[in-house]
Amino acid sequence: MPHVLVADSNFRAVVGGVSELDIDADNVRRLIEAIDRRFPGSGAYIDKRMAIAVDGEIHQDAGAIPLTPASEVCLIPRIGGG
Amino acid sequence: MSEVLDRPEAGAALKVVGTRPIRPDGVDKVTGRAAYGADFAMPGMLVGRIKRSPHAHARILSVDTRRAQALPGVKAVVTAADFPNLASEEYEAGESASNLRDISCNCMARDKALYDGHAVAAVAATSAAIAEEALELIEVTYEVLPHVIDVEAAMAADAPLLHAHLYTQGLETRPDKPSNIAKRNRLERGDLEAGFAAAEAVVERRYVTPAVHQGYIEPHACVAVMAADGQGQVWSSSQGQFMVRTYCAKVLGLEASDIRVTPAEIGGGFGGKTTVYLEPLALALSRKSGAPVKMVMSREEVFRATGPTSGAVVEVKIGATRDGTITAADIVLKYQAGAYEGSPVGAGSMTALACYDIANFRITGYDVVTNSPKVAAYRAPGAPISAFAVESAVDELAQTLGLDPIALREKNAVRDGMKAAYGPTYRNIGYVETLEAIRDHPHYAAPLGPNQGRGVAVGFWFNVGGESTAAVHVNEDGSAVVVTGNPDIGGSRASMAMMAAETLGLPVDKVRPIVADTAAIGFSMLTGGSRTTFATGMAVTQAAQKIVADLKRRAAQIWDVAIDQVEWREGEALRLDKADTPPLSLAAIAAQSARTGGPITAEVSLNAGGAGPGFGAHICDVEVDPETGYVTVLRYTAAQDVGRAIHPAYVEGQVQGGVAQGIGWALNEEYIFDGEGKMENAGFLDYRVPVASDLPMIEPILIEVPNPRHPFGAKGVGEVPIVPPLAAVANAVARAIGVRMTSLPLSPPKLRAAMDGR
């Protein structure tokens, strides 16, 4: 199942201190819903503050991105810029 | 979600992309015809001015505007009482969530003034002289409070507290009392203790960088009018008209549909124009007076009241084995946020080790509020600060180990398939190629003279995508208009026109790029994060591809053949089933548009993902005058992975501009505050940015490792080049004088003192 990496300590606090999760989901939206079910409130946090990298590609809105069992999903703080 | 409909074949010959046409905004800018924020005027327009706090930290006990309002010629006065008292709420408007209450309070102080220059009231009058006289008549009663500006002093337990509601986020346990530390973040990997135990050389240093301003030449300026029916219009210089619309609507309690924002030409932004200062005040003054209001900041106001980037302290401990393998790094970053939380320490943390493959590290960042202007984004926000520290330490590590500084970086370089320190796996990166480019460049082997030194440093920026809209309209004569919602801060009009021209098969001078107002084009995130050529360019290309599909359909209709018998090539429709049929040019099809379905137009909105990260590697030569400590930059070479340069001259300009700003940060620029927290050098005479005569020709080397997610392979280019120069200059100075300099700017008095202490 897709492997989720939590690099940011602030979000790690939202998901019970874990740095890695294995979540069964076939797209990013369902993966976030699954994380939210396990850690209530984490879905809203992701929506507002996090960017999502799927297999190395960063997305601001990744909901529809399909996932495979080999997918790597990395949750990182949303990035702005100058 | 974005989707690339049709990507040019690998190796396909491009006729427009990669060339250097004359910029579409060039004539306007060199002739003075370009209309910047301050150039707009309306009949009956009033002049707006702002009364600012003279204290760095003070409770506002009362604001009495009666005498000002009674002055003949004064048409409106506003204070915080004229704006809704917003709840603390994070709102997504652009690149990331911002706290609306903080934005509102930064525009107009409520309860407390949090920095010298904080707005406490604003006036609209029939002349500048009357407005300024009225400011003197506004009586503000303050209770002056102790202030704190130094970042480490602000972190102390007994520091003056800016916000009673601020409790540090990101700690293992919720603190029991408020603090100026808004947030702590941490990234870590591996076993730090074991990593340092394996090290045979360790460098441990504390680095200090001052707050510096973006230094855009054009001050903030706007004209705003609020009609009697509640419909507002704003003309302003910003990096995002939609951002201005959203923030104005929220700060004033209006609907977004009640405000139309037209972007003026922008005279520099560099991240500093990604928020609002004047626009909500001008709208409020117009609402109260019933007349248009123009507001233009003075240079002093720009320095005192708009975002610089953080001053910071960064502690680095880094260790390596004798062969140069970096085994561990422990980094602590403390960044000023200014009056409200939200420094770029997160990005500083995430970029700090982004160029390195290190098994064991810990990066801890602190976001700290201080009695100074709220920081705003500045070109690769946060990254130059952490890169200055890390790249200085890596340089010293190379010296300690007797290794070549480029070889040390190559040995520890991230490559495709490796995990970035901030999490994701890298794909299609061109970092090693930039190191190879500077290693093999004649600059690196050129001899140095007495008192001269050569420094190397590298840098990284994520680059982002995000929401963009673009429209392409074909005119009746076969020319085209490209409409986007992104202010052109670095050549995006040229690159948009070129991508459209390439796709349509038109000469680029037949394509007119327009930056539209908020009512004329769909939403686009602001121009920032090095996103526009990537994300908006993707939208432009897809809109042009839709046009091509439509043109093929129309040609098939004209010829009365199946659409699969039509091919679009070099701006013409070709009939495949009857090759001797004369082709139909775009102009010929456009002339018949009324008979083939009406106007030829397409609009695409998308949220672009897959922006390719950028890397740069720089070499800097300096000479230090042994008598005065003055540093002359002799030669500078900057290699950068740019994906594919759509307009190479513009890309080279971005590289040169970023380097110039980084050199200024390294050598000259700093906010200087007196004992009362007032900025002492709020003008370009005393806050010295580099000018052309201070700098050598900066030689850019464009490395093209295409980003497969973009139709032409583009990556963002505007931010990477400011990341390495602080350390490249400092490393050159260290090698020239034999003393490691850890505090910027590297001003002559500091260097003299360092040289005296050798």
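The values are calculated or read from the model by the stated rules, or taken from the named source; none is laboratory data. Because the structure is a prediction, the values reported are computed rather than measured. All Cβ positions, even for glycine, are placed from backbone atoms using ideal geometry, and neighbour counts span all protein chains on display.
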Within segment A:1-14, considering residues that are farther than 22 Å from B:Ala354 by Cα and at pLDDT below 90, the one farthest from the other protein chains (Cβ to nearest Cβ)
A:Met1
Looking at B:Gly37 and the list (1) at pLDDT below 95; (2) more than 14 Å from chain A (Cβ to nearest Cβ); (3) out of contact with any strand residue (DSSP E or B) (no Cβ under 7 Å at 6 or more places or on another chain); (4) surrounded by 15 or more Cβ atoms within 10 Å (Cβ to Cβ), which single condition is not satisfied?
(3)
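Yes or no, residue by residue, for (1) more than 14 Å from every other protein chain (Cβ to nearest Cβ); (2) at pLDDT 95 or above; (3) more than 19 Å from the chain's Cα centre (by Cα); (4) not in a helix (DSSP H, G or I):
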| residue | (1), (2), (3), (4) |
| --- | --- |
| B:Ile489 | no, no, no, yes |
| B:Met499 | yes, yes, yes, no |
| B:Leu506 | yes, yes, yes, yes |
| B:Asp509 | yes, yes, yes, no |
| B:Thr518 | yes, yes, yes, yes |
| B:Ile521 | yes, yes, yes, yes |
| B:Gly529 | no, no, no, yes |
| B:Phe534 | no, yes, no, no |
| B:Gly537 | yes, yes, no, no |
Looking only at segment A:46-82, which residues are within 7 Å of another protein chain (Cβ to nearest Cβ) and among the polar types (S, T, N, Q)?
A:Gln60
Considering each of B:His441, B:His473 in turn, give the residue that is over 28 Å from the mean Cα position of the chain (by Cα), of a type outside the set (Lys, Arg), away from every other protein chain (no Cβ under 14 Å) and closer than 30 Å to B:Met741 by Cβ.
B:His441
Condition first: within 26 Å of the chain's Cα centre (by Cα) and within 17 Å of B:Met297 (Cα to Cα). Now tell me which residues in segment B:116-149 satisfy that.
B:Asp116, B:Gly117, B:His118, B:Ala119
Among the numbered criteria (1) out of contact with any strand residue (DSSP E or B) (no Cβ under 7 Å at 6 or more places or on another chain); (2) under 20 Å from B:Ile103 (Cβ atoms), which one does B:Ala227 miss?
(2)
Any idea which of B:Val225, B:Val276 is away from chain A (no Cβ under 14 Å), aliphatic (A, V, I, L, M), part of a loop (DSSP other than H, G, I, E, B) and touching a helix residue (DSSP H, G or I) at 6+ places or on another chain (Cβ under 7 Å)?
B:Val276
Quick check on my filter: what residues within segment B:150-162 are over 31 Å from the mean Cα position of the chain (by Cα) and of a type in the set (Asp, Glu)?
B:Asp158
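Let's see how each residue does on (1) assigned to a strand (DSSP E or B); (2) away from chain A (no Cβ under 14 Å); (3) at pLDDT below 95; (4) at positive phi:
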position: B:His147; (1), (2), (3), (4): no, yes, no, no
position: B:Leu161; (1), (2), (3), (4): no, yes, no, no
position: B:Asn185; (1), (2), (3), (4): yes, no, yes, no
position: B:Trp235; (1), (2), (3), (4): yes, yes, no, no
Do the conditions hold for B:Val481, that is, is it in contact with a Lys or Arg (Cβ under 8 Å, 6 or more places away or on another chain), under 29 Å from B:Gly268 (Cα atoms), surrounded by fewer than 24 Cβ atoms within 10 Å (Cβ to Cβ) and of a type outside the set (Ser, Thr, Tyr)?
yes
Filter result (over 18 Å from B:His220 (Cα atoms) and surrounded by fewer than 21 Cβ atoms within 10 Å (Cβ to Cβ)) within segment B:43-58:
B:Pro43, B:Gly44, B:Pro54
